[in-house]
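Notes follow the structure.
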Amino acid sequence: TSALDWQFSRASGPGGQHVNKVNTRAELRLDLDRATDTAALPRDVADRLTKHLTKERVVVVSAQTARTQKGNREACEAKLAELLEEAWAPPKARKQREGISRDGKRARTADKRRRRDVKSNRGRVDYFSTSASPTTLADKRLNSAKELAALSEVVAAETLRQQLASGALPTQTSSAPPLDADQTRLVVDA
């Protein structure tokens, strides 16, 4: 007996009296054990057809779309040829990944840098800080001290401006040097 076996039966669906009387549905069975024994089908191809097998290791393909038995036979042959062609090509060999790629390392270090910056910025908020992000806590404290010193000088100059504008400037009897016209620089007699 051959590895291929045809069976015909009555098709379902519309068609009236013709469908009820004629065996137009075609079913093609390929017995993989017989096909590999006769060397018509290589063993590795048969192994790749496992998702289409029955318990008896038979591939079953059926068709009932055509009105004639001949049309359904051709459809079955085309389906089986497609399955075999798909299984004939060996699967693509999976390449084993070796280590981390250069781009992967760059992305990983960039992510670590972002996380480091996020974590280093946690903690007490320094409202007087104008620098972008000092790297260490000591740098933060040093920058804060410098900014506070600069801020106190700005506040003192602003207070003097307000006093000059209101006319409530202290008298010249004090030992402080006089202010010039734009009220920002001290005039020193040379």
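Details
- Cβ-Cβ FRET estimate between Ala157 and Asn121, R0 fixed at 41 Å, reported to 0.05: 0.80
- Most tightly packed first, judged by the mean number of other beta-carbon atoms within 10 Å of their residues, the peptides 87-95, 57-65, 3-11, 26-34 read 26-34, 57-65, 3-11, 87-95.
- For Lys70, Lys55, Lys119, Lys79, the ranking by accessible surface with the largest value first comes to Lys55, Lys70, Lys119, Lys79, using a 1.4 Å probe.
The values are calculated or read from the model by the stated rules, or taken from the named source; none is laboratory data. The structure displayed is predicted, hence computed values, not measured ones. Positions of Cβ are generated from backbone atoms using ideal geometry, with glycine treated the same way; all protein chains shown enter the neighbour counts. Just the protein is used for accessible areas: all its heavy atoms, side chains included, with ligands, DNA and RNA removed. Shrake-Rupley method; radii C 1.70, N 1.55, O 1.52, S 1.80 Å.
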